[in-house]
Amino acid sequence: MKKLDQSQRYLFDDHPIRGQYVSLDQSWQEIAQQGELQGRGLSLLGEALVVVSLLVDTLKIDGSITLQIRGKGPLELLVVEASSEHKIRGTARQSGDIDDEMDLQQVFGSEYLVITIKTDGAEPHQGIAPLSGVKLSDALEHYFATSEQLPTRFWLACDEKNASGMLIQKLPGKLKDDDAWDRVLHLASTVTDEELQRIPLGDLLHRLFNEETLRLFDPSSIKFSCSCSRERTAGMLLSLGKAEADQILEDEGEISVNCEFCNSNYSFDQIDIEQIFGEGGITSPSTTTH
Ligand SMILES: [Zn+2]
């Protein structure tokens, strides 16, 4: 049986090459059903979630990775996030039809994707990569090839039930034979979407690399989880300013904030707003000193 909602690492014993595999099942279905995406819009969201899930484990980050694309194309927004605790969330906004012939720049109406790495206790690091190619893996591979990072290749597949992918990365160090990297890539490229999505990882690796010795590490479980909360939303209102908040209250009667990632709704009335902007703020109203 294939393990669902998992991330798993593997190593080639004889070469400095490592791999990571991700299968999103329930977690992907929960995210997919929130929006009104279809066709390539849906696939791109699923594949982007797989990419950040692959990267957060490959780069061994304590924190999170976000991938974001914003533009004026039919898929005008895509933002996905994976944390080192294996929680994922993501959303995309589609405003028009996406033709099969469109390249990524046409789909998004943007020339760039932005990858943000947040490590606990450090400033976020932002990388910008051109949206080159037709597939998300094209753009990612271009990014890795041109940013002095380790050579890395991606295979991604997505439908309504499952989003899966694998990554293969060449580590520093000498290959046992010069052809090893090309050979591994060639074998990996024979994988079909069906195999990537449906076959247990052990069987898949055996099918692709049966001549090689591989070490498979323990899998981690991935789940959909949103980090939004009433407190965080209140904090957002606080940064908006009292005048602005009062204006919305006057116009709308209440302030209603919808989380794009999980559809949770947080509403605030006049009393809530007075409390938020009151002395000491919402976090510590009783510890204010005069
Ligand atoms: Zn949320």
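The values are calculated or read from the model by the stated rules, or taken from the named source; none is laboratory data. Given the structure is predicted, the values throughout are model-derived calculations rather than measurements. Positions of Cβ are generated from backbone atoms using ideal geometry, with glycine treated the same way; all protein chains shown enter the neighbour counts. Just the protein is used for accessible areas: all its heavy atoms, side chains included, with ligands, DNA and RNA removed. Shrake-Rupley method; radii C 1.70, N 1.55, O 1.52, S 1.80 Å.
Observations
- Straightening the chain between ASP120 and LEU4 buys 39.0 nm, computed as 0.36 nm per residue apart minus the Cα-Cα spacing.
- Contour minus Cα-Cα distance for LYS60 and ARG207 (0.36 nm per residue): 50.2 nm
- Among ARG40, ARG70, ARG215, residue whose mean-square fluctuation peaks in a GNM of the chain (springs only between Cα atoms under 10 Å): ARG215
- Put a plus charge on the Cβ of each Lys and Arg, a minus charge on the Cβ of each Asp and Glu, and nothing anywhere else: the dipole of the range 6-224 about its Cα centre is then about 520 debye.
- For the chain, carbon and sulfur atoms together expose 46% of the accessible surface, with a 1.4 angstrom probe and every protein chain in place.
- Across the range 230-277, Cα pairs under 8 Å and at least six residues apart give a relative contact order of 34 percent.
- Packing here is the average count of other Cβ atoms within 10 Å per residue, and on that basis the peptides 93-100, 71-78, 56-63, 203-210, highest first, run 71-78, 56-63, 203-210, 93-100.
- Dividing the helix sum by the residues of the chain, where each DSSP H run of 4 or more adds -39500 (n - 2.57), gives a mean residue ellipticity at 222 nm of -9500 deg cm²/dmol.
- In Å², nearest 10: area of HIS142 left accessible to a 1.4 Å probe: 70 Å²
- With protein chains left intact and a 1.4 Å probe, residues in the chain average 52 Å² of accessible area per residue.
- Remark: for residue pairs LYS3/LYS223; LYS161/LYS223; LYS135/LYS161; LYS2/LYS60; LYS3/LYS161, the C-alpha separation exceeds 18 Å in LYS135/LYS161; LYS2/LYS60.
- Set the Cα radius of gyration of the range 1-100 against 2.2 N^0.38 Å, with N its number of residues, and you get 1.18.
- Its relative contact order, with pairs defined as Cα atoms under 8 Å and 6+ residues apart, puts the chain at 22 percent.
- Candidate membrane-span-like segments in the chain, meaning DSSP H helices with Cα atoms spread over at least 20 Å of their own axis and a Kyte-Doolittle mean of -1.0 or above, are 39-58, with no membrane implied.
- Remark: the ASP14-ILE248 segment gains 77.9 nm on full extension, using 0.36 nm per residue and subtracting the alpha carbon distance.
- Rounded Å value of the spacing that divides the Cα centres of the range 1-68 and the range 169-225: 15 Å
- Descending semi-axes in whole angstrom, ellipsoid equivalent of the chain, from the Cα gyration tensor: 40, 21, 18
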